[in-house]
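Trainee: Just passing along the structure, written as structure tokens.
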Amino acid sequence: MSLAVLERLGLHKHPRILTGSAIKPGTPTPTPGQVVVTNPATGKAVAAVRLDDAASYEKVITESQEAFKRWREVPAPVRGQVVRAIGDAFREHKEALGELVTLEVGKIRQEGLGEVQETIDIADYAVGLSRTLSGPMLQSERARHRLYEQWLPLGLVGVISAFNFPNAVWAWNSMLAAVCGDVTIWKPSLLAPLTAIASNDLAEKVAASLGHPGIFRLVIGTDQEIGERLVADKRIPLISATGSSRMGKRVGEIVAGRLGRTLLELGGNNAVILHKDADLDLAARSILFAAVGTAGQRCTTTRRLIAHESVVDEITRRLVEAYRKVQIGDPLKEGTLVGPLVSPGAVETFLSALAKAKEQGGKVLVGGERAANLSPEISGGNYVMPAIVRAPANNALPIALQETFAPILYVFSYRTFDEAIALHNGVDQGLASSVFTENLHVSEAFLATSGAGSDCGLAYVNLGTSGAEIGGAFGGEKETGGGRESGSDSWKAYMRRQTVAINYGKELALAQGIRFGE
Ligand code: NAD
């Protein structure tokens, strides 16, 4: 299947991609000059990808500077037409690209397809935006003066993406950047370079066929050789980086050192508060998807359930029952709900977090081991049984304060809503949050306009924490990084603001009524 999907995408003879005996033996750790892509569902090598070095990086950047000079002259609605055609190309290749996402990172088929759909959606969104990018006309304090803001293309945008959204994170950035008049330089995760090559080539080919080559560029390499070079590069005014908070702190520091801009989309430690009057059927189904979907490898995965003491046992019982029925296995097989973790290292992280949870007084109620009894063809994959851990009665469970990027749901209980909010907000991350309640007072307290409720960038009522729509601004606070991507006014990150004042009279009028040498 693996080579067939590369063929369907026209990648089997791609100069960057090596297959069969051309793959140097080794682990996914980059051997000099190449990285081996391993299918997490089988543990088998799929292909290898040639890496960039300093010279090829330099070529990409200098060519991108030239491309930017041409692209910024193209009217925004015309840029939008290019993005419209790119969206159509993704529609056409949705099945194959979705399968490639599954092959590289192990998402189940539905989620692989959903990710490509997100790219199509953001392309549509960007097309509309291409006709509405605008700035306000402001009131001047001076007679016969006009004051307004205009938004101008920014230049080169560096996009660093995490493995778990190997296609959509790039699209959220690059489709908006394209209509804003920018050139995107994408540095994907070394766990998902094939999806990056396929997606970038598709966008670049469409743009080139419409007379606009060089708008979408790719650099693939190690963090030391290519990642840090990109981040430190003064020719790139914006670095949009998605990944762990550890990575964001490093990237943020380097970019701040050159007074560049960052858009940081980092780790989450998302919780659901379950009030005593919650609809438990709705909550159980929502929490199941948000906690085990994508094998717990979404930034918005529900990692903590904070349930009122009167319903905590019942919701836990229902979830344990549901976890026992979840189909774990081949991500391409119909009916599978949980595929593999991305790497053997991720399995070790999962197991060691659970060992710590037990040491700290947590009780594993279900799951928590490697998955057994898998069919022979997937027995080399990185499968685990999603776990639910009940925190001790005093709610002290330090491991739950960290983001473990795996399917572990920690359950806490509370008596008063203030207690629930304190637990909810008592972590370093601030991405997605949710409350299940039928009570207006409770939901409004969670969303309080004073800010005393949820401290996250995303706050939902009667929805799980994962599965954001592209129309809203996406991102989070605290160690999640503060960035906003995708919908609403996120486009502003990809442009530079210019305040314009025009004197259309004949008099010199100084602001603040200052008289000077009259
Ligand atoms: P990661 O931090 O290991 O890597 C993310 C990206 O950063 C990769 O492309 C990596 O090569 C690059 N990188 C790492 N160090 C770098 C450096 N010094 N210089 C330049 N680039 C560097 O994260 P991951 O394991 O790929 O993804 C999982 C993490 O991403 C989780 O923490 C998850 O919550 C987070 N995530 C956040 C969002 C969001 O929107 N907030 C979305 C998806 C994933």
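Trainee: Please name whichever of Tyr383, Val338, Asn394 sits farthest to the positive end of the charge dipole of the range 279-416, dipole taken about the Cα centre and charges placed at Cβ: Lys and Arg +1, Asp and Glu -1.
Mentor: About the Cα centre, the residue reaching furthest to the positive side is Asn394.
Trainee: Further question: In whole Hz, what ³J(HN,Hα) sequence does the range 480-486 give by Karplus (6.51, -1.76, 1.60; θ = phi - 60°), x for Gly and Pro?
Mentor: In residue order, the calculated couplings are 6, x, x, x, 9, 10, 6 Hz.
Trainee: Order the peptides 168-175, 92-99, 108-115 from the highest to the lowest mean number of other Cβ atoms within 10 Å of their residues. Write down the numbers at each step before the final one.
Mentor: On the way: 168-175: 28.8, 92-99: 18.9, 108-115: 21.0.
Those peptides, ordered most packed to least, come out 168-175, 108-115, 92-99.
Trainee: Identify the chymotrypsin sites (Phe, Trp or Tyr not before Pro) of the range 445-512 meeting these criteria: DSSP loop state and at most 15 other C-beta atoms within 10 Å of the C-beta. Write out the running numbers ahead of the final one.
Mentor: On the way: sites: Phe446, Tyr460, Phe474, Trp491, Tyr494, Tyr504; in loops: Tyr504.
Sparse-neighbourhood loop chymotrypsin sites (Phe, Trp or Tyr not before Pro): Tyr504.
Trainee: When ligands, DNA and RNA are left out and all protein chains stay put, how many square angstrom of accessible area per residue does the chain have with a 1.4 Å probe?
Mentor: That works out to 43 Å² per residue.
Trainee: Among 333-341, 431-439, 128-136, what's the highest-first ranking by average C-beta atoms within 10 angstrom per residue?
Mentor: So the order, starting with the most tightly packed, is 431-439, 333-341, 128-136.
Trainee: With θ set to phi - 60° and the Karplus curve 6.51 cos²θ - 1.76 cosθ + 1.60, what are the ³J(HN,Hα) couplings of the range 415-421 in order, to the nearest whole Hz, using x for Gly and Pro?
Mentor: 9, 10, 5, 4, 5, 4, 5
Trainee: What relative contact order, as a whole-number percentage, does the chain give when Cα pairs under 8 Å and 6 or more residues apart are counted?
Mentor: That works out to 17 percent.
Trainee: Based on the mean of other beta carbon atoms within 10 Å per residue, what is the order of 176-185, 314-323, most packed first?
Mentor: The most tightly packed comes first, giving 176-185, 314-323.
Trainee: Amide H neighbours of Ala192 under 5 Å, at least 5 residues apart or on other chains, H built in the peptide plane: list them.
Mentor: Those qualifying (amide H under 5 Å, at least 5 residues apart or on another chain) number zero.
Trainee: Can you send over the carbon and sulfur percentage of the accessible area for the chain, probe radius 1.4 Å, protein chains only?
Mentor: 52
Trainee: Please list, short to long, the whole-number percent of alpha-carbon pairs of the range 295-376 in consecutive 10 angstrom bins beginning at zero.
Mentor: Spelled out per bin, shortest first, that is 14, 43, 36, 8, 0.
Trainee: From the P(r) of the chain, could you give the percentage of C-alpha pairs in the tail past 34 Å?
Mentor: 40
Trainee: Out of residues 5 or more away from Tyr460 or on other chains, whose amide H comes under 5 Å of its own, with H placed 1.01 Å from N in the peptide plane?
Mentor: Ser433, Ser434, Val435
Trainee: Can you give the accessible area of Ser286 in Å² (nearest 10), computed on protein heavy atoms with a 1.4 Å probe?
Mentor: Roll a 1.4 Å probe over it and Ser286 shows about 20 Å².
Trainee: Still on this structure: Mind checking the alpha-carbon convex hull of the range 270-470 and giving the volume per residue in Å³?
Mentor: With only Cα atoms used, the range 270-470 gives 116 Å³ per residue.
Trainee: Let me ask something else. For the chain, what does -39500 (n - 2.57) per DSSP helix run (n ≥ 4), summed and divided by total residues, give at 222 nm, in deg cm²/dmol to the nearest 500?
Mentor: Dividing the helical sum by the residues of the chain leaves -11000 deg cm²/dmol.
Trainee: Out of the trypsin sites (Lys or Arg not before Pro) in the range 417-518, which ones are loop residues according to DSSP with at most 13 other C-beta atoms within 10 Å? Working shown, then result.
Mentor: Working: sites: Lys478, Arg484, Lys492, Arg496, Arg497, Lys506, Arg515; in loops: Arg484, Lys506, Arg515.
Of the trypsin sites (Lys or Arg not before Pro), the ones in loops of the range 417-518 whose Cβ has at most 13 other Cβ atoms within 10 Å are Lys506, Arg515.
Trainee: Looking at this model, which pairs from Lys59/Lys205; Lys333/Lys358; Lys24/Lys234; Lys187/Lys356; Lys44/Lys234; Lys24/Lys94 are more than 29 angstrom apart at the alpha-carbon?
Mentor: Lys333/Lys358; Lys24/Lys234; Lys187/Lys356; Lys44/Lys234; Lys24/Lys94
Trainee: What's the Cα-based Rg to Rh of the range 353-464, Rh via Kirkwood?
Mentor: For the range 353-464, the value is 1.06.
Trainee: Show me, for the range 320-337, the HN-Hα J-couplings you get by feeding each phi into the Karplus relation (A = 6.51, B = -1.76, C = 1.60, θ = phi - 60°), rounded to Hz, glycine and proline as x.
Mentor: Once θ is set to phi - 60°, the couplings for the range 320-337 become 4, 4, 5, 4, 5, 9, 5, 6, 10, x, 3, x, 8, 7, 4, x, 5, 10 Hz.
Trainee: While we're looking at this one, here's another question. Rounded to whole Å, give me the distance from the Cα center of the range 416-442 to that of the range 486-508.
Mentor: 38
Trainee: Roughly how far apart, in whole Å, are the Cα centres of the range 329-385 and the range 146-171?
Mentor: 35
Trainee: Continuing with the same structure: Note down the magnitude of the dipole of the chain about its Cα centre, charges +1 on Lys and Arg C-beta and -1 on Asp and Glu C-beta and zero elsewhere, to the nearest 20 debye.
Mentor: Details: 54 positive and 55 negative charges, 213 e Å.
Using Cβ point charges on Lys, Arg, Asp and Glu, the chain gives about 1020 debye.
The values are calculated or read from the model by the stated rules, or taken from the named source; none is laboratory data. All figures in this text were calculated on a predicted structure; none of them were measured in a lab. Every residue, glycine as well, gets a Cβ built from its backbone with ideal geometry; the counts of neighbours run over all protein chains shown. Side chains are part of the model used for accessible areas, which takes the heavy atoms of the whole protein and leaves out ligands, DNA and RNA. Shrake-Rupley method; radii C 1.70, N 1.55, O 1.52, S 1.80 Å.
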